[in-house]
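The structure appears right after this line, and notes come after that.
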Amino acid sequence: MPSMSACWPMRSAAARLALLGVLWLLAASAWAAPRIGVATMQPGEVFFERFGHNAIVVVDPASGDAISYNFGFFDPGEADFVGNFARGHMMYYLVALPFEQDLMQYRDSGRGVSLQWLDIEPAQAQALADALTERAKPENARYRYDYFTSNCSTQVRDALDAALGGRLKSQLAGRSHGNTFRSEAVRLASPATWMWLGFDLGLGPNADKPMARWEEAYVPMRLADSLREAKNAAGRPLVQSEMQLLPHRIAAEPAEAPRRWLPWLGAGVLIAIAIAFAGRRWPRATVAAALPFWLLCFVGGSVLVYLWGFTDHWAAWANRNLLLLNPLCLLLVPGAIAVLRRRTPPAWFGWLLAAIAVGALVAWFLHWLPMRLQYNQTWIALLLPIHLALAYVFMPRRLSH
């Protein structure tokens, strides 16, 4: 018995040491997995910062170094950069850089940055870290950029989804807020008038299909919202914790607001009444005022033709605003010059005005057909009355008197 009693504490201590060793190994294996986070940067004041930004943050468990995998880099010094941008052949690339270095530009510009730590399996975290390391190599870093479907945020989304085995897409693809590519683009661009006008006029019906939450993630802030609601493989919240790294010191992200077309109709009708009234008494002044409008229609319509027929900007194809910004308006210039010189313009001047007005009426008719919607009623409400008034003032029978 004494030998047994003397031996038991030794065996018990060995068992405890073995158990502690197993626990240490398990803890070490858990800590050995990199920690994964998603950084979301609020919109800035420069035009290419209006949509915000994001990046995947990977913390090395051994060194504690935090690496930012940022998909938002491009090189304006590349050959034919402007031409490629215009044609929709833009190339972006992934850069891996120290997270603190990545934060510097946002700190300096006053843009807020938040960080969401994700609760994912160690194997998934390691696989994501390995995939990003491989992807960041110069030979793999470049990707074909698309403003809505392949940008810095969708690349983050897709990398996370691949690491989660498609679980993120399965949770987001079947849900929708009813937002569209147009509504989000116009909302976020609204602080810059020229920018939201460009989006609203330049986007066709492809941009007006309600997006699923998966597609909505092309906006970094929307992706952050969706991550807050997502679950991991164990059914726990995907976002383990969230922290604010930098305060937002500039104008906040524009809020959602309904778009009303009645004020645009009121403006269009008032302008049309002024044209109809002035055209009878002061035709030269009316033409002088209309000439810049026709030139703007020509320039705007030519841009829409270019986007539709000669670029890969799919969201601009089949744009019905082409019926409102008609490039044929350029042909009105000779007739306008004749009026300014107190001469009678050719009869085709009036007929062409009538044809352009009919085209604007077709845009209104198409809007109410049960086919793919294009949200352009604001532009129809503004421009249709103006085209009709100009066609009325300079109709052929009036020109002949």
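Here's a check for you: in region 96-146, which residue that is touching a His at 6+ places or on another chain (Cβ under 9 Å) and of a type in the set (D, E, K, R) is surrounded by the fewest Cβ atoms within 10 Å (Cβ to Cβ)?
For region 96-146, the residue satisfying everything is Arg144.
Considering only residues that are within 30 Å of Leu304 (Cβ to Cβ), in contact with a helix residue (DSSP H, G or I) (Cβ under 9 Å, 6 or more places away or on another chain), open to solvent by 20 Å² or more (accessible area, probe 1.4 Å) and not acidic (Asp, Glu), which ones fall in region 63-88?
Those that are within 30 Å of Leu304 (Cβ to Cβ), in contact with a helix residue (DSSP H, G or I) (Cβ under 9 Å, 6 or more places away or on another chain), open to solvent by 20 Å² or more (accessible area, probe 1.4 Å) and not acidic (Asp, Glu): Gly72, Phe74, Pro76, Ala86, Arg87.
For region 246-273: of the residues being in a helix (DSSP H, G or I) and free of Cβ contacts under 8 Å to residues at least 60 places away in the same chain, which is surrounded by the most Cβ atoms within 10 Å (Cβ to Cβ)?
Gly266
Step by step: first the residues of region 166-178, then only those that are touching a residue at least 12 places away in the same chain (Cβ under 8 Å) and open to solvent by 70 Å² or more (accessible area, probe 1.4 Å), then the one that is nearest to the chain's Cα centre (by Cα). Which residue is that?
His177
Any idea which residue in region 42-62 is surrounded by the most Cβ atoms within 10 Å (Cβ to Cβ), counting only those that are outside any loop (DSSP other than H, G, I, E, B) and free of Cβ contacts under 8 Å to residues at least 40 places away in the same chain?
Of everything passing the filter in region 42-62, Val59 is surrounded by the most Cβ atoms within 10 Å (Cβ to Cβ).
Hey, Met91 hits all of (1) open to solvent by 20 Å² or more (accessible area, probe 1.4 Å); (2) under 23 Å from the mean Cα position of the chain (by Cα); (3) more than 29 Å from His313 (Cα to Cα) but one; which does it fall short on?
Here Met91 meets the rest and fails (3).
Please state which of the following conditions Ser153 fails to meet, knowing it meets all the rest: (1) within 14 Å of the chain's Cα centre (by Cα); (2) more than 21 Å from Met41 (Cα to Cα).
Unmet for Ser153, out of (1) within 14 Å of the chain's Cα centre (by Cα); (2) more than 21 Å from Met41 (Cα to Cα): (2).
In the set Leu270, Leu322, Leu307, Leu291, which member is in contact with a His (Cβ under 6 Å, 6 or more places away or on another chain) and either more than 17 Å from Met395 (Cβ to Cβ) or of a type in the set (Val, Ile, Thr) (or both)?
Leu307
Considering each residue of region 343-381, count those that are charged (D, E, K, R) and either touching a residue at least 40 places away in the same chain (Cβ under 8 Å) or open to solvent by less than 50 Å² (accessible area, probe 1.4 Å) (or both), and give that number.
Total satisfying the criteria: 1.
Among Thr193, Thr154, which is the only one that is over 21 Å from Gly72 (Cβ atoms) and among the β-branched types (Val, Ile, Thr)?
That would be Thr193, the only listed residue that is over 21 Å from Gly72 (Cβ atoms) and among the β-branched types (Val, Ile, Thr).
Take residues that are of a type in the set (Asp, Glu) and tell me which of the helices (runs of 4 or more DSSP H) falling wholly in region 174-239 contain 2 or more.
Output list reads 213-216, 220-229.
Just need a number here: residues in region 312-340 that are under 23 Å from the mean Cα position of the chain (by Cα) and surrounded by 15 or more Cβ atoms within 10 Å (Cβ to Cβ).
9
If I filter region 291-304 for residues that are surrounded by fewer than 19 Cβ atoms within 10 Å (Cβ to Cβ) and among the hydroxyl-bearing types (Ser, Thr, Tyr), do I get at least one hit?
Within region 291-304, one or more residues are surrounded by fewer than 19 Cβ atoms within 10 Å (Cβ to Cβ) and among the hydroxyl-bearing types (Ser, Thr, Tyr).
Restricting the search to region 290-299, which residues are under 16 Å from Ile386 (Cα atoms) and either in contact (Cβ under 8 Å) with a residue 12 or more places away in the chain or among the β-branched types (Val, Ile, Thr) (or both)?
Ala290, Leu291, Phe293, Trp294, Leu295, Leu296, Cys297, Phe298
The values are calculated or read from the model by the stated rules, or taken from the named source; none is laboratory data. Computed from a prediction, not measured in an experiment: that's the story for all the values here. So basically every Cβ, Gly included, is an ideal-geometry build from the backbone, and we count neighbours across all protein chains shown. Side chains are part of the model used for accessible areas, which takes the heavy atoms of the whole protein and leaves out ligands, DNA and RNA. Shrake-Rupley method; radii C 1.70, N 1.55, O 1.52, S 1.80 Å.
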